Amino acid sequence: MNFFFAALGVLGVASSGPLIAATLGATSVSALAIAFWRNAIGAAVMASPTLVREPGQFRRISRREFRWSMLAAIALALHFACFITSLQLTSVAAATALVCLQSAWIAVFQLFRGIRHRWQVLAGLGIAFGGVVAITGFDMGSSPQALTGDLLAMAGGALAGLYTLAGGKARQSMTTGTYTTLCYGMCAALVAVLALFAGQPLTGFEPSGWLGIAAITVCAQLVGHTAFNHLLATMSPLIVSMIILLEIPGAALLAAVFLHETLPAGTYAGLGLILAGLAVVVLGQRNSRSHRSSRGQGSGRRGSRGTAPTEEPPSDRLAGLGTD
């Protein structure tokens, strides 16, 4: 069953990029409309069980929880705006790989927060960003539009990292249903405001457009992410994190088969470098946590300067389930 859910999860999240690109290319659906309906439907689906079983949870949301949820919602809204727009400018394979740098961006943010990483994490970051250089270099030579798409996808990955960290802070005291309902709902409202200012319609699409929106929401949001959430209860976060990385070659393969997308050999080499680098980052973060945990258990006391052994907060323990 774990293998089945893993395959279902990878297929779900890997289909996101190709489905979005196909919907944008063949219908009148706008980029922000996809982001809006995906989050609005997700909020409604996640709210239903909580409203039935424990409706009082929404009345008990604290100011701290609301602030972190709001920050996560802002980051998520901007993430979707950047990533979905990038799929109109660059290849599905490149956009998916660059937005999947979320794990690497989290490690970078941790460095700025004073969290030290082992050399494996730093080496993985170097490998992954070497793949970024390869992809953007080839796209720079092909068209300025593709380079702009690459930069938007990279920004989307950084925003996804911020979304994960902020969500982890909120989730320290919130249930999954309460947090996702609040975050997705606020994200949908923010996207609606962005669509208003950008002049992008949220309704009035042809049936094929609504079918595309439904397919994106069901495959990526409900099936893909739900499968990975299930696996987290039965498998180690490290293994789940590694499985999620299969989204990169999965999206490239689906785009090649169904969208007939072909890329230069150098771009595929860049995809491989990003995949390898992120795998090293995930493994290095796991080793760093194990090393700190063993030191903390071995000492059983505070450090010489009166501070407790460094321990990552829950929001940093897993580099998220992705957002695309």
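In Å³ and rounded to a whole number, note down the convex hull volume per residue for the Cα atoms of the chain. Let's see the in-between values first.
Details: hull volume 48.6 nm³, N = 324.
Normalising the Cα hull of the chain by residue number yields 150 Å³.
What is the ratio of the Cα radius of gyration of the stretch 181-283 to 2.2 N^0.38 Å, with N the residue count, to two decimals?
With N residues counted in the stretch 181-283, Rg over 2.2 N^0.38 Å equals 1.38.
So which residue, out of Leu147, Leu19, Leu111, gets the largest mean-square fluctuation from a GNM of the chain using Cα contacts under 10 Å as springs?
Result for the chain, Cα springs under 10 Å: Leu111 fluctuates most.
What accessible area per residue, rounded to a whole number of Å², is obtained for the chain using a probe radius of 1.4 Å?
Numbers: 14580 Å² over 324 residues.
In whole numbers, the chain has 45 Å² accessible per residue.
Please give the Cα centre distance for the stretch 177-245 versus the stretch 1-43, rounded to the nearest Å.
Taking the Cα centre of each part, the stretch 177-245 and the stretch 1-43 sit 7 Å apart.
Probe radius 1.4 Å, ligands and nucleic acids ignored: give me the carbon and sulfur share of the accessible area of the chain as a rounded percent.
67 percent
Within the chain, which DSSP H helices have Cα atoms that stretch 20 Å or more along the helix axis and a mean Kyte-Doolittle hydropathy of at least -1.0? Write out the running numbers ahead of the final one.
On the way: long enough: 31-53 (35 Å, 1.10); 63-86 (34 Å, 0.78); 119-142 (35 Å, 1.26); 144-170 (39 Å, 0.73); 176-198 (32 Å, 1.57); 265-299 (51 Å, 0.08).
Going by DSSP H runs, the hits are 31-53, 63-86, 119-142, 144-170, 176-198, 265-299.
The values are calculated or read from the model by the stated rules, or taken from the named source; none is laboratory data. Nothing here was measured: the structure is a model prediction, and the numbers come from that model. We work out accessible area using only protein heavy atoms, side chains counted, and drop any ligands, DNA or RNA first. Shrake-Rupley method; radii C 1.70, N 1.55, O 1.52, S 1.80 Å.
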